[in-house]
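So the structure is just underneath, and the comments pick up after that.
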Amino acid sequence: MTTTASEITYRLEQKRRVQADFPGPKSVALTERRKAVVAAGVASAVPVYVADADGGIIHDVDGNAFIDLGSGIAVTSVGASDPAVVGAVKEAVEHFTHTCFMVTPYESYVALAEQLNRLTPGEHEKRTVLFNSGAEAVENAVKVARLATGRDAVVAFDHAYHGRTNLTMALTAKAMPYKTNFGPFAPEVYRMPMSYPYREENPEITGAEAAKRAITMIEKQIGGDQVAAIIIEPIQGEGGFIVPAEGFLPALADWAKDKGIVFIADEVQSGFCRTGEWFAVNHEGVVPDIITMAKGIAGGMPLSAITGRADLLDAVHPGGLGGTYGGNPVACAAALAAIGSMQEYNLAGRARHIEEIAVARLRELQGQLSGASDVIGDIRGRGAMLAIELVQAGSKEPNPELTKAVAAACLKEGVIILTCGTYGNVIRLLPPLVITDELLNDGLDVLASAIKAHA
Ligand code: PLZ
């Protein structure tokens, strides 16, 4: 069943509108002010400043209206000002902004833990801890796994992204811009080959065989009984929206179980209806020991979580987990409301609907490009987490220049498109799940024209 976006009401007109002088004078002035005070290390993909956002539209300070195909990197799945989230935040903030759950606890934290224990895969007894960012959730999942197993080694994969803190940088596979000159990095992190169907040397390799390849390396290089945790994004995000071959995740998870290794699914980007299921692991029936969540969880408020097997989480001594702001009451209220909207509007179904529309359009485009303009190497993803990998025509050579040019051309036309990928050659589509079909199609028209013009 698919909810039509017409059941959702919007505050802002869902229509693209860009003026010729782009970026406008107010954004240009803000960029100047910013240069004098904000560290150069923080870069923004888009040179305009936001005034308002709702549904699939972002307004800038100069009166331009952009189609949002990025959701602030997969965060605003329910929109950037979902009435339920806004109402819940207002209600919560009028009572208390903070007390610290470790000092004087409150109900919304407990209610959210109940929800997450219910929504995450598996019928087993679970426990939840709340934090602020995706990286913090990953750090804590690894802490728990090490304590519970008494082992040190952590296995991560090629093309992985897990954050910008010291341990999560170590887990992340890409040097520039995330790691270069920021070391030394946390020890006892081992990197294994990922299943990346488009770029396998042997295109026939199955998911189970790719898992075996990684498992053999783990056994040779580390020893299964030394490994505390295997952490993996079920669909890799920053690395290029890489969907492993079918069977890869189940084979890894089964082997981990056999060896007493904690299997951590990092669903920070892929979780909360984004891929057409509550979690990406659901597509293959994989039940992780611990799952990390953030981004889409709270409708834009900063909140993250780990949910996992009760025996693992409860192995930690009282006081061993926490943080001043973890599970902030305003963020918890937002998360409960965002989850409510996902259920009310069947946003998992909407994500599948978005996939149907977008994949058909992208395949059509791929069919129209031939010879020297045949630049779409791969179309992949699930739900509203979709990507195209751009290559040099006639080869699989990554084409990051074209990728940049296409994203820039879309922006000029009023469509915000993010790129990603180890080779910087992947266009990713992450629209808010509440985007209207009209807006989505308009955005895809612009994308298709940009690719045709630049290919
Ligand atoms: N795990 C799978 O995708 C965040 C980061 C963008 P934080 N991805 C977007 C950037 O350049 O910083 C992410 C993720 C996965 C962990 C994280 C980290 O989440 O909330 O950014 O810490």
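The values are calculated or read from the model by the stated rules, or taken from the named source; none is laboratory data. None of these values were measured; they are calculated from a predicted model. Using ideal geometry, Cβ is built from the backbone for each residue, glycine included, and neighbour counts are taken over all protein chains shown. Surface accessibility is based on the protein's heavy atoms, side chains included, excluding ligands, DNA and RNA. Shrake-Rupley method; radii C 1.70, N 1.55, O 1.52, S 1.80 Å.
Annotation: Ile230 fulfils all but one of (1) in a helix (DSSP H, G or I); (2) under 20 Å from the mean Cα position of the chain (by Cα); the unmet one is (1). Given Ser304, Ser341, Ser370, which one is modelled with pLDDT under 95 and either over 24 Å from Leu249 (Cβ atoms) or of a type in the set (S, T, N, Q) (or both)? Of the residues listed, the single one that is modelled with pLDDT under 95 and either over 24 Å from Leu249 (Cβ atoms) or of a type in the set (S, T, N, Q) (or both) is Ser370.
Of the residues Asp266, Asp254, which single one is out of contact with any Lys or Arg (no Cβ under 7 Å at 6 or more places or on another chain) and away from the ligand (no atom under 16 Å from the Cβ)? Please lay out each step first, then the result.
Numbers: Asp266 fails: away from the ligand (no atom under 16 Å from the Cβ).
Being out of contact with any Lys or Arg (no Cβ under 7 Å at 6 or more places or on another chain) and away from the ligand (no atom under 16 Å from the Cβ) holds for just one of Asp266, Asp254, which is Asp254.
Among the residues of the range 419-447, those identified as open to solvent by 30 Å² or more (accessible area, probe 1.4 Å) and more than 13 Å from Leu390 (Cβ to Cβ) are Thr422, Asp437, Glu438, Asn441, Asp442, Asp445. Taking every residue in the range 394-420 that is more than 15 Å from Gly70 (Cα to Cα) and pairing it with any residue that is open to solvent by 20 Å² or more (accessible area, probe 1.4 Å) and assigned to a helix (DSSP H, G or I), at least 6 positions away or on another chain, the pairs with Cβ-Cβ distances below 6 Å are Leu402/His454; Ala405/His454.
Taken over the range 166-177, the criterion of being within 12 Å of the ligand (Cβ to nearest atom) and buried (at least 17 other Cβ atoms within 10 Å of the Cβ) is satisfied by Leu167, Thr168, Met169, Leu171, Thr172, Ala173, Lys174. Mind listing whichever residues of the range 232-250 are more than 16 Å from the ligand (Cβ to nearest atom) and buried (at least 24 other Cβ atoms within 10 Å of the Cβ)? Within the range 232-250, just Phe248 meets the criteria.
Considering the range 95-152, the residues that are away from the ligand (no atom under 15 Å from the Cβ) and among the aromatic types (Phe, Trp, Tyr) include one that is nearest to Leu321 (Cα to Cα), namely Phe101.
Screening Ala39 on (1) on the phi > 0 side of the Ramachandran plot; (2) within 16 Å of the ligand (Cβ to nearest atom) shows it passes everything except condition (1). Against the definition (of a type in the set (Asp, Glu), assigned to a loop (DSSP other than H, G, I, E, B) and away from the ligand (no atom under 15 Å from the Cβ)), how does Glu209 come out, yes or no? Criteria not met by Glu209. Count of the range 251-264 residues, restricted to those that are free of Cβ contacts under 8 Å to residues at least 40 places away in the same chain and either touching a helix residue (DSSP H, G or I) at 6+ places or on another chain (Cβ under 7 Å) or of a type in the set (A, V, I, L, M) (or both), is 4. Checking each residue in the range 1-60 for being over 26 Å from the mean Cα position of the chain (by Cα), under 20 Å from Glu413 (Cα atoms) and exposed (fewer than 14 other Cβ atoms within 10 Å of the Cβ) picks out Glu13, Arg17, Gln19, Ala20, Asp21, Pro25.
On the given criteria, is Arg213 open to solvent by 60 Å² or more (accessible area, probe 1.4 Å), in contact (Cβ under 8 Å) with a residue 60 or more places away in the chain and basic (Lys, Arg)? Spelling it out, it is not the case that Arg213 is open to solvent by 60 Å² or more (accessible area, probe 1.4 Å), in contact (Cβ under 8 Å) with a residue 60 or more places away in the chain and basic (Lys, Arg). Can you say whether Ala455 is open to solvent by 10 Å² or more (accessible area, probe 1.4 Å) and at pLDDT below 95, as far as the supplied structure shows? So Ala455 fits the description; yes.
Quick check: is even one residue across the range 349-358 without any contact (Cβ under 8 Å) to a residue 24 or more places away in the chain and more than 16 Å from the ligand (Cβ to nearest atom)? Looking through the range 349-358, at least one residue is without any contact (Cβ under 8 Å) to a residue 24 or more places away in the chain and more than 16 Å from the ligand (Cβ to nearest atom). Could you please let me know if Ala74 is within 24 Å of Glu344 (Cβ to Cβ) and open to solvent by 30 Å² or more (accessible area, probe 1.4 Å)? So Ala74 does not fit the description; no.
Sub-8 Å Cβ pairs linking a first residue in the range 183-202 that is within 26 Å of Ala145 (Cα to Cα) and of a type in the set (Asp, Glu) to a second residue that is open to solvent by less than 30 Å² (accessible area, probe 1.4 Å) and assigned to a strand (DSSP E or B), at least 6 apart or interchain, are Glu188/Ala153; Glu188/Val154, ordered by first then second residue.
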